[in-house]
Protein chains: 2
Amino acid sequence: MSEVREPTFLVLVALADGRRHGYGIIQDVERLSSGKTTLRAGTLYATLDRLASEGLIEGAGEEVVEGRLRRYYQLTVQGSAVLESESKQRLAVSKEALRRLSRPRGSRPRIAGGFA
Amino acid sequence: MSEVREPTFLVLVALADGRRHGYGIIQDVERLSSGKTTLRAGTLYATLDRLASEGLIEGAGEEVVEGRLRRYYQLTVQGSAVLESESKQRLAVSKEALRRLSRPRGSRPRIAGGFA
DNA sequence: TTGCTATATGCCGATCATCGATATATAACG
DNA sequence: CGTTATATATCGATGATCGGCATATAGCAA
């Protein structure tokens, strides 16, 4: 299994609570990352194609709103499972990082402790 | 500022509680990721060089143990700050992802809520 | 003694997700 | 009439990571 990069992860999170269309994903990712990640159009549509071909997301209908086409996407069951697993992993490592940073340096235990 | 990828993030976390040498980082990353990420030697040493040139880590002495050279590295003040910021960001997004997944789909609020 | 595994560092070509730019089209605002 | 927001899409360039290879010592097993 290869690495899930930040923009890809954020796209999956944007779809975690229901269907969204491309531009809506871009906006949600912007908010999700507190403005730190601006998803490029090139990245988004390439990512959507790739995730669809991997079976993690699927088309969820089209709609014309104010003369503009909206193409919706949603997570598949498999996509939800991958996102859940990836999120738990990231949560655990992030917590461990902050735990380590909050302790004085050099007090690393000799024997490996179980953090995950 | 560009994306911090998974292997790079894990190297920083491995150094979060003190100095470690290359091979020790590989082992810690393996444990940190619950065996999911096996850091390649090529990735590690390239990453260490890059992080050092960016000022996020620095050399922390050499040592010969049982006839083998160990080259140690540690976080700089700037590296600690970057890791802390990145960890908080990842923690927040991961929590939001799990929150969304645990709620029934389609009950997305019309008005943007503040989660970060 | 020959080979395998663990420890330990390092280089190099290939891959591919992301970046950045560009293109097209409608609606709204000044 | 030009700019901004909405909306989708393509394409070449970049660079972090992958996977393989090289080198060397120590310990264990066949």
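Since every read-out is calculated from the coordinates, none of them should be taken as a lab result. Remember, it's a predicted structure, so these values are computed and weren't measured experimentally. Cβ sites come from the backbone with ideal geometry, for glycine too, and all protein chains shown count toward neighbours.
Listing for the model above:
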quantity	calculated
Which listed residue is in contact with a strand residue (DSSP E or B) (Cβ under 6 Å, 6 or more places away or on another chain), hydrophobic (A, V, I, L, M, F, W, C) and surrounded by 14 or more Cβ atoms within 10 Å (Cβ to Cβ), from A:I25, A:I57	A:I57
Members of the range B:42-52 found to be under 15 Å from B:F9 (Cβ atoms) and surrounded by 14 or more Cβ atoms within 10 Å (Cβ to Cβ), listed by number	B:T43, B:L44, B:T47, B:L48, B:L51
Filtered residue count, the range B:42-54, keeping only those that are acidic (D, E) and either within 16 Å of B:S80 (Cα to Cα) or touching a strand residue (DSSP E or B) at 6+ places or on another chain (Cβ under 7 Å) (or both)	1
Contacts under 7 angstrom Cβ, first residue in the range B:3-26 being without any contact (Cβ under 8 Å) to a residue 60 or more places away in the chain and facing another protein chain (nearest Cβ under 8 Å), partner within 9 Å of DNA strand C (Cβ to nearest atom) and part of a loop (DSSP other than H, G, I, E, B), 6 or more apart	B:E3/A:R5; B:R5/A:E3; B:R5/A:R5; B:E6/A:E3
Options A:L83, A:L39, A:L75; residue that is closer than 26 Å to B:E84 by Cβ, surrounded by 14 or more Cβ atoms within 10 Å (Cβ to Cβ), away from DNA strand D (no atom under 14 Å from the Cβ) and within 12 Å of chain B (Cβ to nearest Cβ)	A:L83
Residue list for the range A:2-22, restricted to those being out of contact with any helix residue (DSSP H, G or I) (no Cβ under 7 Å at 6 or more places or on another chain) and among the basic types (K, R)	A:R5, A:R19
